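The values are calculated or read from the model by the stated rules, or taken from the named source; none is laboratory data. Everything numeric in this text was worked out from a predicted model, so none of it was measured. Note: ideal-geometry Cβ built from the backbone for every residue, glycine included; neighbour counts use all protein chains shown.
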Amino acid sequence: MSFPSRVRWMKGRYANVDGIPFTMPVGTSTSPALFAGFSVDAGAARAMLPGQELHPVRLGSRALMVLAVVNYQDTTIGRYVEFCIGILAQKGRSPAPPVVPLLARRAYGTGVYIYDLPVSSEISVKGGRGIWGMAKRQANLDFVVGPDTVSSQYDLDGQLVMRVDVSNPGPARLPVKLTNVGYGDFRGMLTRSATYLDTHLGFTLRDPKARLLIGDHPRTAPLHALDVDPVPLFTGFAPTLQGVLDDHVETWFLTADQPPEPASFDLASFSHLGLSQEWLAPPDRAATDAILRGQTSARSA
């Protein structure tokens, strides 16, 4: 793998943050991951972004919701699933013209604003909030790889939040080398972290087998307003994702025209958490299987 020299320099070193031990660099090389991008209403996407510093990247008149689910197998804090729900965004004083932030990603600070980032274990919540300022919470998650389909489901408080199924395209032949930027909203601050990917994945455009279920949990209210196109622009599957996190996080004040309310994610939201690697019970996949069967029957009727 080809990563920046600073990341390579960290190899074989160790760190300990808030009692969480890390072998550096923080990364993975054996974990499967699925990806999907859905066209959404740009105005509704803007309403999901915090402060005034981020703007949705427009693809014509629409924006992009990004899903990325990783089934981590080889981290120093144990195994866990991480389910990212985000909006492709650019950072700046004003919105850029459509598509341009994709062509000049560094100049426009293009990345994914992470609206929700549930994980399987408490220790991952503690590290994700405290170190990277991401909206992690412990939830009921799974990751199922079949011969034709890769699927993940996210339940919270006994309710469905989201399930995504994508095609398993077979051999991972598409090389992917990029710096992925993630934005978070923590303590009234905008956080920015970077992940370096050097991997291969299978890729499908307008995946006809993809299915997306958005549940009725209160966390999904902004998602229902997005007018999500049910056929994704793209899906992907990496049987063994190879990537590392950068060794630092940047932060900026989030601003508003009026004095904002206190942030929902603050220091108190993670300082009491422990280092447990235990998972919650699996999500209720039987219930979503029944919903999908009903949708299939309705379309064929």
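Observations, loosely collected:
- Filter result for Asp207 (modelled with pLDDT of 95 or more, assigned to a loop (DSSP other than H, G, I, E, B) and more than 17 Å from Met65 (Cβ to Cβ)): no
- Residue check for Asp155: surrounded by 23 or more Cβ atoms within 10 Å (Cβ to Cβ) and either in contact with a helix residue (DSSP H, G or I) (Cβ under 9 Å, 6 or more places away or on another chain) or closer than 15 Å to Trp279 by Cβ (or both): yes
- Subset of the stretch 156-174 (residues that are within 12 Å of His200 (Cα to Cα) and in a strand (DSSP E or B)): Leu174
- Count of the stretch 1-47 residues which are in a strand (DSSP E or B), touching a strand residue (DSSP E or B) at 6+ places or on another chain (Cβ under 9 Å) and under 30 Å from Leu273 (Cβ atoms): 16
- Within the stretch 122-135, tally of residues that are under 18 Å from Met162 (Cα atoms) and at pLDDT 95 or above: 0
- From Pro118, Pro98, residue being crowded, with 24+ Cβ neighbours inside 10 Å and of a type outside the set (Lys, Arg): Pro118
- Selection status of Asp165, over 15 Å from the mean Cα position of the chain (by Cα), surrounded by 21 or more Cβ atoms within 10 Å (Cβ to Cβ) and at pLDDT 95 or above: yes
- Ala45 being touching a Leu at 6+ places or on another chain (Cβ under 6 Å) and buried (at least 22 other Cβ atoms within 10 Å of the Cβ): no
- The lone exception for Ala281 - which of (1) surrounded by 12 or more Cβ atoms within 10 Å (Cβ to Cβ); (2) of a type in the set (A, V, I, L, M, F, W, C); (3) assigned to a loop (DSSP other than H, G, I, E, B) it fails: (1)
- All of Pro118, Pro169, Pro147, Pro175 fail the test of being of a type outside the set (A, V, I, L, M, F, W, C) and within 30 Å of Ala256 (Cα to Cα), apart from Pro118.
Here is a yes/no grid of residues against (1) touching a residue at least 60 places away in the same chain (Cβ under 8 Å); (2) in contact with a Ser or Thr (Cβ under 7 Å, 6 or more places away or on another chain):
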residue: Val57; (1), (2): no, yes
residue: Ala68; (1), (2): no, no
residue: Gln73; (1), (2): no, yes
residue: Ile77; (1), (2): yes, yes
residue: Val81; (1), (2): yes, yes
residue: Lys91; (1), (2): yes, no
residue: Pro98; (1), (2): no, no
residue: Leu102; (1), (2): no, yes
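- Of the residues making up the stretch 223-278, those that are in a loop (DSSP other than H, G, I, E, B) and not hydrophobic (A, V, I, L, M, F, W, C) number 22.
- Listed by first and then second residue, the pairs linking a residue in the stretch 224-249 that is free of Cβ contacts under 8 Å to residues at least 12 places away in the same chain and within 14 Å of Phe203 (Cα to Cα) to a residue that is of a type outside the set (Gly, Ala, Ser) and surrounded by fewer than 17 Cβ atoms within 10 Å (Cβ to Cβ), with Cβ atoms under 7 Å apart and 6 or more places separating them unless they lie on different chains, form an empty list.
- Scanning the stretch 61-79 for residues that are in contact with a helix residue (DSSP H, G or I) (Cβ under 9 Å, 6 or more places away or on another chain) and surrounded by fewer than 22 Cβ atoms within 10 Å (Cβ to Cβ) gives Ser61, Arg62, Thr75, Ile77, Gly78.
- Scanning the stretch 60-76 for residues that are more than 20 Å from Leu197 (Cβ to Cβ) and touching a strand residue (DSSP E or B) at 6+ places or on another chain (Cβ under 7 Å) returns Arg62, Ala63.
- Leu223 over 22 Å from Tyr80 (Cα atoms) and at pLDDT 95 or above: yes
- The lone criterion from (1) more than 24 Å from Leu275 (Cα to Cα); (2) at pLDDT below 95 left unmet by Thr75 is number (1).
- Residues in the stretch 83-97 that are closer than 20 Å to Leu254 by Cβ and either of a type in the set (Val, Ile, Thr) or assigned to a loop (DSSP other than H, G, I, E, B) (or both): Ile85, Ile87, Gly92, Arg93, Ser94, Pro95, Ala96.
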